[in-house]
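What follows is a set of notes on a single structure, which appears directly below.
The values are calculated or read from the model by the stated rules, or taken from the named source; none is laboratory data. Here the structure is a predicted model, which is why all the values come from computation and not from measurement. Glycine gets a Cβ as well: all are built from the backbone with ideal geometry, and neighbour counts include every protein chain shown. These area figures cover heavy atoms from the full protein model, side chains too; ligands, DNA and RNA do not enter into them. Shrake-Rupley method; radii C 1.70, N 1.55, O 1.52, S 1.80 Å.
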Amino acid sequence: KVVLTNSAPAAANTVLADITQIANGNGYTTGGTAATISSSAQTSGTYKLVLADVTFTASGSMGPFRYAVLYNDTATSDELIGWWDYGSSITLAASETFTVDFDATNGVLQVA
């Protein structure tokens, strides 16, 4: 899943409980939005995870947030996978959307 936060994650943050999410409501649900796997495969000793983009749609003022955080919702402790810094805080007005645009070619991560 992907959650939104306005607090900078740190290397010491390892589980979802370490992240302060934006307020629930106005199109955002605490715990975030599911990230759908487009492909998950190993080729020639390199594993690549590709996710479909995740879009948040505001039904009122949503945010502010600056970071999108990807975590493993199926793991017992909801371990963090990674996060993206959008450079400045973002607030969405009603009906505006924000898309976490995952790289469809290189994937979210590759492990060799």
Hey, can you tell me all the residues within the range 57-83 that are closer than 23 Å to Ala41 by Cα and under 15 Å from the mean Cα position of the chain (by Cα)? Val69, Leu70, Tyr71, Asn72, Asp73, Thr74, Asp78, Glu79, Leu80, Ile81, Gly82, Trp83
Could you tell me whether the range 75-95 includes any residue that is within 18 Å of Asp53 (Cβ to Cβ) and assigned to a loop (DSSP other than H, G, I, E, B)? no
Restricted to the range 34-58, and to residues that are out of contact with any strand residue (DSSP E or B) (no Cβ under 8 Å at 6 or more places or on another chain) and assigned to a loop (DSSP other than H, G, I, E, B), which residue is surrounded by the fewest Cβ atoms within 10 Å (Cβ to Cβ)? Ser44
Any idea which residue in the range 2-19 is farthest from Gly87 (Cα to Cα), counting only those that are open to solvent by less than 50 Å² (accessible area, probe 1.4 Å) and part of a loop (DSSP other than H, G, I, E, B)? Asn13
Is it the case, given these coordinates, that Phe102 is touching a Leu at 6+ places or on another chain (Cβ under 9 Å), in contact (Cβ under 8 Å) with a residue 12 or more places away in the chain and in a loop (DSSP other than H, G, I, E, B)? yes
Just give me the residues in the range 20-33 being under 16 Å from Trp83 (Cβ atoms) and either open to solvent by less than 20 Å² (accessible area, probe 1.4 Å) or part of a strand (DSSP E or B) (or both), in sequence order. Gln21, Ile22, Gly31, Gly32, Thr33
